[in-house]
Every structure is written in C-alpha cells, then in structure tokens.
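Colleague: Next up is a structure, given as structure tokens.
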Number of protein chains: 2
Amino acid sequence: MDSLSTTLAALADPTRRAILARLASGPATVKELSAPLPISGPAVTKHLRVLERAGLIARSRRAQWRPCTLEAGPLKEVAEWAEGYREFWDASFDRLDDYLQTLQRKGRGHDDEK
Amino acid sequence: MDSLSTTLAALADPTRRAILARLASGPATVKELSAPLPISGPAVTKHLRVLERAGLIARSRRAQWRPCTLEAGPLKEVAEWAEGYREFWDASFDRLDDYLQTLQRKGRGHDDEK
C-alpha cells in the first residue's frame, strides 16, 4: 500500500486519533495511553502497532517503559493532499455567498416596490 | 462510524483518490471515470458507492447518465483536522534548523582555529 493510503487507514479510527491527540501534549507510556480508553490493553497495543507502522508514532527502544511519541510527518502529507482541494470547498462557499447576495438584492427589490 | 473516520477510510485507497482527482476537473459519468482505471466496471461502481456514502461525491438522480460530481466539504474537515498538528511538523523542521545552525556554528568554530 502507498504511504498516504497507509496513513489515512491508520487515521480512520477514533481511538487511534484520540491516542495521537494525547501524544500531542507529550510522550506517554502504553499504560498512560490506555488509562482513559474504554478498551483492553491488548487492543491498545494493536492500535499502537498500526500507528507505528504508519510512522505516526515512534516508540523508544532504549527506555524500559518505551514511551510513545508523536511523529507528525505523515500528518503533513495528509494536510497537503487535502489542501489541494481547497479551491473546491472555497468554491462552494463562494456559491453560497453569491446565492445569499442574490437573496439580499431580491429583498432590496421588494423594499423599493413598497 | 463518525463522519471523519468514514471520510478517512474512503480516502485510504489510491483508486478512490484517483477518482476524486479526475472529478476535480469536472463532472464525469461512470463510463468516463472507468476508462483510465485498470479495474472492472463493478469494482468502479463499488468505489463510487464508498465515496458517495462518505459524501465525497454526489450523483445526479435526474440525468439518465447520472454524472458524478466532487463534493469537497469532507475534505475540508480532513484538512482542518490535520492542520491541527501543524505545530508538530513545524517543530520537527525547527529542530532540524537548530541542528543545522549548531553544525554551522561548529564549522565556523573550526575556521577560527585555523
């Protein structure tokens, strides 16, 4: 699988995104990451393996408690890919804006008729 | 599944991203979308259904040829989510920058010693 697909698949899970959000406030051990999650330890380990394979987290090999850290590189790739479509969501807001202006003009038209 | 997870799962496939890239240049029929793809018609239809469920494309119900159009709203949600981590990828570039400046300073140090 290409790296962007691997990243997007890893991110397509609310628990894995919650783990990344937790790591945004600093490195954490598996125990610390598991504490607030309503899932089993082995389930957390499985999610961490998916995130690690996608290069979204790194686990220290040296320290015995092996803290996890956030690796934001793949998230940059996701942001850049999605930003490539910005003109399309801007365009739909422009269309909405045009529509609202048309309504306003029509409104003013009615006022003039009074 | 939450809408962001549905979107990310739909995007985690190079064929589906290729379909969105094609639709960025304008609406297309299923036949037009299938032509450049090395997969069967039913496989294309399946991908379109995933994209449609994620709200990434819309298919006209009126026209008999039912053209597909890009719907960029969910892509905005993806970009905004990923942009929330910008400080982390900027931070890793800052660290690289610091490292390079340290190397440069060390280099200058050696020059002074000459």
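Colleague: Report the charge-dipole magnitude of the range B:1-47 in Debye, nearest 20, computed about the Cα centre from +1 at each Lys and Arg Cβ and -1 at each Asp and Glu Cβ.
Modeller: 120 debye
Colleague: Pairing the Cα long axis of helix B:86-113 with the longest principal axis of chain B, what angle in degrees results, from 0 to 90 and rounded to the nearest 10?
Modeller: Orientation of helix B:86-113: about 30 degrees from the principal axis.
Colleague: Relative to the longest principal axis of the C-alpha atoms of chain A, give the angle of the C-alpha long axis of helix A:73-83, reported between 0 and 90° and rounded to the nearest 10°.
Modeller: Approximately 20 degrees, to the nearest 10.
Colleague: Another question, then. Is there a simple number for the mean count of other chain Cβ atoms within 10 Å of the Cβ of residues in A:67-76, and what is it?
Modeller: 4
Colleague: Using a simple spin-label model with points 7 Å from Cα along the Cα→Cβ vector, what separation in nm is obtained for B:Glu83 and B:Gln104?
Modeller: So the two model labels end up 3.0 nm from each other.
Colleague: Copy-to-copy spacing for A:Glu32, label 7 Å out on the Cα-to-C-beta vector, in nm, shortest first?
Modeller: Copy-to-copy label distances for A:Glu32: 5.3 nm.
Colleague: Rounding to the nearest 10 and keeping the result within 0 to 90°, find how far the Cα-based axis of helix A:41-53 lies from the longest principal axis of chain A.
Modeller: 70 degrees
Colleague: Using protein chains only (no ligands, no nucleic acids) and a 1.4 Å probe, work out which residues of the range B:3-38 have their accessible area cut by at least 30 Å² relative to the chain alone.
Modeller: So the qualifying set is B:Ser5, B:Leu8, B:Ala12, B:Arg17, B:Ala24.
The values are calculated or read from the model by the stated rules, or taken from the named source; none is laboratory data. No experiment lies behind these values; they were computed from the predicted model shown. In this analysis, Cβ positions are derived from the backbone assuming ideal geometry, glycine residues included, and neighbour counts consider all displayed protein chains. With ligands, DNA and RNA removed, areas are computed over all heavy atoms of the protein, side chains included. Shrake-Rupley method; radii C 1.70, N 1.55, O 1.52, S 1.80 Å.
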